[in-house]
């Protein structure tokens, strides 16, 4: 019997990839992978921008609207419609005189609770410090009003203001309660601290220190993710050659006006730099912001590159004080 070696050990021919075909396949695979990754990154960036945009919308639409609403109450119930640094119960609190504390024998000492500007002195527990995430200090705005609506009202901390209560509110930037940052840029919020003023003058200290109506506390978080808060006072001259002229000044500059025809405050201009909490992948870093006429270099973010990748926006609003009126007398005629 013959042994068929060839049939027993028949060669099986297998076709494979050549080196050129393998290289082409790898290139095509990399191109497809790169396209998929690019689409993914675009989707993630779009989602992040939408999330940050929603956060900024909350800050601008809801936060600023509530802030404007509160500012419009300034000087409500005060029979004196002219507002300056000496007006008793004046809607913009610049000095102790505005809350009924005379300069003699001792001026009001808690200057950290008044309307403040960078460079001003500040004394008082939980008072204004000027903290910000830029190279310029934040401001503080303090207002007051009397509830003459005939029904209870709610102050900015959510506490009830009874009829005829004199309410004082200050808006300032502080560290967020949940702040855990150890870098140069902190988690900051615009807070509101509300209190009551005695009808005989001065802050009402009869309430327990735990009561939100006790002035001088850390206040309620009002707008989150705030980097900067600036305030300008709209002052209108009532006498002399400048009668009728309206100018906007920081509180420190307004307080330096000593002429007999000192302008009366009739408006408040607010500026904010706010950021979203969601970092944006691949976004360009913006580090300088123009705000209320200041040059962008005056509001340059502090050095923390990780926080610069968050979406930031500036907001400005002007509120006319409906409870402040002036009569212009042009004595130059």
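Give the residues of segment 167-185 that are in contact with a strand residue (DSSP E or B) (Cβ under 6 Å, 6 or more places away or on another chain) and surrounded by fewer than 21 Cβ atoms within 10 Å (Cβ to Cβ), sorted by residue number. Lay out the reasoning, then the answer.
Let us first name the residues in segment 167-185 that are in contact with a strand residue (DSSP E or B) (Cβ under 6 Å, 6 or more places away or on another chain), namely 167-174, 176.
Listed by number, the list holds a single entry, 176.
Between a residue in segment 237-262 that is at positive phi and modelled with pLDDT of 70 or more and any residue that is surrounded by 15 or more Cβ atoms within 10 Å (Cβ to Cβ) and assigned to a loop (DSSP other than H, G, I, E, B), which pairs come within a Cβ distance under 7 Å, given they are 6 or more apart or on different chains?
Going by the 7 Å Cβ cut-off, the qualifying pairs are 244/237.
Answer with yes or no whether residue 196 is out of contact with any strand residue (DSSP E or B) (no Cβ under 6 Å at 6 or more places or on another chain) and surrounded by 20 or more Cβ atoms within 10 Å (Cβ to Cβ).
yes
I'm trying to understand the selection: among the residues of segment 146-166, which are surrounded by 13 or more Cβ atoms within 10 Å (Cβ to Cβ) and assigned to a strand (DSSP E or B)?
146, 153, 161, 166
Give segment 89-107 a look and list any residue that's in contact with a strand residue (DSSP E or B) (Cβ under 9 Å, 6 or more places away or on another chain) and crowded, with 22+ Cβ neighbours inside 10 Å, or say none.
89, 90, 91, 92, 93, 94, 98, 99
Being surrounded by fewer than 22 Cβ atoms within 10 Å (Cβ to Cβ), under 18 Å from residue 147 (Cβ atoms) and either more than 24 Å from the chain's Cα centre (by Cα) or touching a residue at least 24 places away in the same chain (Cβ under 8 Å) (or both) is the requirement here; does residue 81 meet it?
Numbers: surrounded by fewer than 22 Cβ atoms within 10 Å (Cβ to Cβ): yes; under 18 Å from residue 147 (Cβ atoms): yes; either more than 24 Å from the chain's Cα centre (by Cα) or touching a residue at least 24 places away in the same chain (Cβ under 8 Å) (or both): yes.
For residue 81, the condition - surrounded by fewer than 22 Cβ atoms within 10 Å (Cβ to Cβ), under 18 Å from residue 147 (Cβ atoms) and either more than 24 Å from the chain's Cα centre (by Cα) or touching a residue at least 24 places away in the same chain (Cβ under 8 Å) (or both) - is met.
Identify, by number, the condition in (1) buried (at least 19 other Cβ atoms within 10 Å of the Cβ); (2) modelled with pLDDT of 90 or more; (3) assigned to a loop (DSSP other than H, G, I, E, B) that residue 324 doesn't meet.
(2)
In the set 73, 114, which member is farther than 15 Å from residue 324 by Cβ, touching a strand residue (DSSP E or B) at 6+ places or on another chain (Cβ under 9 Å) and modelled with pLDDT of 90 or more? Before the answer, list the steps.
Details: 73 fails: farther than 15 Å from residue 324 by Cβ.
Of the residues listed, the single one that is farther than 15 Å from residue 324 by Cβ, touching a strand residue (DSSP E or B) at 6+ places or on another chain (Cβ under 9 Å) and modelled with pLDDT of 90 or more is 114.
May I ask you to verify whether residue 214 is without any contact (Cβ under 8 Å) to a residue 24 or more places away in the chain and surrounded by 15 or more Cβ atoms within 10 Å (Cβ to Cβ)? Spell out the reasoning first.
Values: without any contact (Cβ under 8 Å) to a residue 24 or more places away in the chain: yes; surrounded by 15 or more Cβ atoms within 10 Å (Cβ to Cβ): yes.
When the stated conditions are applied, residue 214 passes them.
Within segment 181-199, how many residues are modelled with pLDDT of 85 or more and either more than 15 Å from residue 154 (Cα to Cα) or touching a helix residue (DSSP H, G or I) at 6+ places or on another chain (Cβ under 9 Å) (or both)?
Of the residues in segment 181-199, 12 are modelled with pLDDT of 85 or more and either more than 15 Å from residue 154 (Cα to Cα) or touching a helix residue (DSSP H, G or I) at 6+ places or on another chain (Cβ under 9 Å) (or both).
The values are calculated or read from the model by the stated rules, or taken from the named source; none is laboratory data. Keep in mind that this is a model prediction, so the values were computed, not measured. Don't worry about glycine lacking a Cβ; one is built from the backbone with ideal geometry, like all the others, and counts go over all protein chains shown.
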